[in-house]
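Just below is one structure, and these are the notes that go with it.
The values are calculated or read from the model by the stated rules, or taken from the named source; none is laboratory data. The structure displayed is predicted, hence computed values, not measured ones. As a convention, Cβ positions derive from the backbone with ideal geometry for all residues, glycine included, and neighbour counts pool all protein chains shown.
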Amino acid sequence: MLFWIIVAVMTATVAALLLVPLLRAGRREAVAGAHDAEVYRDQLEELKRDARNGLIAPEEAALARAEIARRLLAASAKAERPTTGDRSDTHAGRATGENTAPAGRANRLAQAAVIVVLPLVGLCLYLKTGSPELPDAPLAARLANPGEDIELLIAQAERQLAAHPDDGAGYDVLAPIYYRSGRFDDAVSAYSNAIRLKGPSPQRLGGYAESLLAQSGGLVAAEARKALEQSLALEPRDPRARFYLALGLEQDGKEDEALAAFRTIVAASPADAPWLPLVNQHIASLAPSGPAPAADAKLGGPDAAAIARAQTMSTDDRRQMIEGMVSSLAAKLKDAPDNLEGWQRIIRSYAVLGEKTKAEGALQDGLAAFPRDGAGGRQLLALAAELGIDTGKTP
């Protein structure tokens, strides 16, 4: 009896939650349907124009390209690429007291379906396939069969590795899950252990390098470059390793070498390779001649030596170093708020540190100096959208 009471309460709760939007005046927001890869390509195109017009320093442009490139490569690697069209909300645009008859009927039919049809269908399905007399599934049983639950997969793998720390296959399973979950420090450690226990392979070395890139905010530092070169030695045609090595040359200011490396990727790739648009973007940005604008030395960002030292630090020490640099930059921006590059850098730094609230605050302060309807404000908003920062809270 208690079981059926619980079922009834849960059914009523779900029905109420579904009815709430139907009973309201019909406000709906359009769902963005653009493909991730198209968004990243548009961002790269806008970044290229800003760099060409001198609106963004080369160092900041290189870092932004690196981050967008990593996301575009990940999006292009997916097997399914659905083509989405324009969507419209059939309930949008109804003013209070002016609902049309078809819309009203559709709304009432939807309410009836929620109140009557859905509970009946659920009850019939449960009576057909359910077994209320079965015992519940304890945590140990769910860990033994996690299915598609990512958190349970991680818990299962971590439990296995705690009991068998030399299980290289376990690290092989756990490393990409850490990466997809945004746990980049753990991903670096897991890939490192997998390489140590099972030996280097293009897949492990590539994942290790990508995790280092994500950890450093897109910088191709010495350790990542070493892993990519080792991966390329094992698989000379690996486009991922080739691309990141070329990106590293570009970040180091070796534009001629980077341009040649990107062109080599194009020559070795099939005509319909999904990474070609991204590679061509870099070729187009490197091909024009002319002096690049000098970086603003007042920002106080980390130099190459600082980046190299960061690679040898522990996670806590490295985070403390980055936080110190960010605090110094924040203090300088208070005295000189008209520094667009500084606002871009501090917003990105807070995002890398996982300080979402501080990133939103920095965006708000930056937009106070660079209004959103101006060129600088649009750049800040584009960066915030790329980093997943809420722009609705800003003025």
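Against the test of being in contact with a Ser or Thr (Cβ under 9 Å, 6 or more places away or on another chain) and at negative phi, the options A260, A233, A209, A222 yield a single qualifying residue, A209. Condition first: surrounded by fewer than 17 Cβ atoms within 10 Å (Cβ to Cβ), under 20 Å from the mean Cα position of the chain (by Cα) and of a type in the set (G, A, S). Now tell me which residues in the range 145-203 satisfy that. S181, G182, listed by residue number.
Per the listing L383, L353, the residue uniquely buried (at least 17 other Cβ atoms within 10 Å of the Cβ) and not acidic (D, E) is L383. Could you check, for the range 319-326, whether at least one of its residues is assigned to a loop (DSSP other than H, G, I, E, B), modelled with pLDDT under 85 and exposed (fewer than 13 other Cβ atoms within 10 Å of the Cβ)? There is no residue in the range 319-326 that is assigned to a loop (DSSP other than H, G, I, E, B), modelled with pLDDT under 85 and exposed (fewer than 13 other Cβ atoms within 10 Å of the Cβ). A Cβ distance below 7 Å, combined with a sequence gap of six or more or placement on separate chains, defines the contacts here; from the range 227-243, residues that are under 21 Å from P274 (Cα atoms) reach residues that are of a type in the set (G, A, S) and outside any helix (DSSP H, G or I) in the pairs P239/S269.
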